[in-house]
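Notes for the one structure printed next.
What follows is calculated from the coordinates using simple rules that are stated; it is not laboratory data. These numbers were taken from a predicted model, which means no experiment stands behind them. Because the Cβ atoms are built from the backbone with ideal geometry, glycine has one as well, and the counts that use them run over all protein chains shown.
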Amino acid sequence: MTVEKIGPLLLRQLKKSGLSDDSLPSDLETWKNFLLKIEKTYCEYDEARQSSDNVLAVSLKEMELMQEERAKLNADVLKELNANLSLVLQASDLGVWDWNLKTNQVIYDRRWCEILGYEPNELVHELKTFQDLVLPDDIDRVMSLAGDYISGKASKFDVKFQMKHRLGHWVHIHAKGKIIKFDEAGKPLRFMGTHSDFTEEVRAQKEIELQKNKLFHQSKLASLGEMSAGIAHEVNNPLAIISGAAELLTKFKDNPEKFNAKVDSILKSCLRISKILTGLKKFSRSGGSIQLKPTNLSSIIDEVIVLTEIKSSRAATPVTRESPEKLMLVCDDLSIEQVLINLINNAIDAVKHNNEKWVKVSAFEDEESVILRVIDSGKTISHEMEEKIFDPFFTTKKVGEGTGLGLSITKGILDEHQAVISLNRSFPTTCFEIKFKKMGANLGT
């Protein structure tokens, strides 16, 4: 290598090495060793290289080393990811299944087996194991949904069903899954997913429903208690009319006109008693699951006005209805009676100290809804109070005068009907407004 070529190469490497021209070596041996190092490390401007194949070989070697490093790194990352995934699955309490769609082999992990009370080695890892453990009433639905998803008819696989525990009881399972592998033609090969046990949630929900039904019944009993004091008086009035008319029947036996009038009076009084007792009998039935059916809302209002008439009469607060004779609503009639009795009783109590006392029940429909309103002559409820009135046990009444359950139960009933209750502040007085979906709308039940 000539001095002319050494100079530029040296200066180039000096710059790369962070040295200056003042740092040049003084003896020949140092120069030689330095240049050999440069040649070996950088392979630049060296006439001693045999061919470009040298460069290619070195490059390939470097790439191979880089790939080995990357593979090692990827393996470490994958190992860490798997460890993290395992921790996530443990924390979430999910069981994992992995279904080979070609062979119908299904791998169930330890947690999947534990949910049903088994050890992994106690179950055969195949589809039939799953099918045999599913509740017979559920299996056709589950497999149909899985088939729809695998074939592309459904966008997801998300289903709830029951499976038999090793001890004999049924476990509520929530399953989710996803296709994770396809062949070259796009045909699904591998279907993987999770199982979660939500049996405790179902039990808790049943307990909530039980307590709700108890509160519902207690509210009914409270309403009946308010009405019971006047029932005897209410029934005695038509009984007195019947008794008096019966005594006069013999006197008017020769006067057909007066005779028939007394008979009509007796029949009307009997009908009045029958209407009162029928309403009380219906209303006193224990609360259960709602049964939605087409019902004439105006008839419900009329029945409720009869049932609340005792209280309204004693409070000198007339209750009137303003609605068409036939206004159909899909509802549970007994539940809506409960709602109206609660609202009317509250309205009567709210205006009992007013100079002007009245309650009006109105019902009508628009394009989308059937609207029911209970309006009274009392001042409107404050915004602060409005936020609390539907809370359980919240009441503004004196101790012993109210349970604080009426409006809470009312809202619960209306939630089941997918109806909305609110205060309509366009009125100068208090107006509770309920909006129901019209007949033909999907109530989701």
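Residues within the reach of a label modelled at Lys178 (point 7 angstrom out along Cα to beta-carbon, backbone nitrogen below 20 Å), restricted to region 117-159, are 145-159. Positive contributions from Lys and Arg (+1) and negative ones from Asp and Glu (-1), summed over other residues with Cβ under 12 Å from the Cβ of Asn296, come out at -2. Placing +1 on the Cβ of every Lys and Arg and -1 on the Cβ of every Asp and Glu, with no other charges, gives region 93-197 a dipole of roughly 300 debye about its Cα centre. Checking the Cα-Cα distances for Lys128/Lys178; Lys293/Lys411; Lys293/Lys357; Lys128/Lys160 against a 26 Å cut-off, the pairs over it are Lys293/Lys357. Of the trypsin sites (Lys or Arg not before Pro) found in region 298-342, the ones in coil according to DSSP and having at most 12 other Cβ atoms within 10 Å of their Cβ are Lys326. By the equivalent-ellipsoid construction on the alpha carbon gyration tensor, region 93-197 comes out with semi-axes of 23, 15, 11 Å, ordered largest to smallest.
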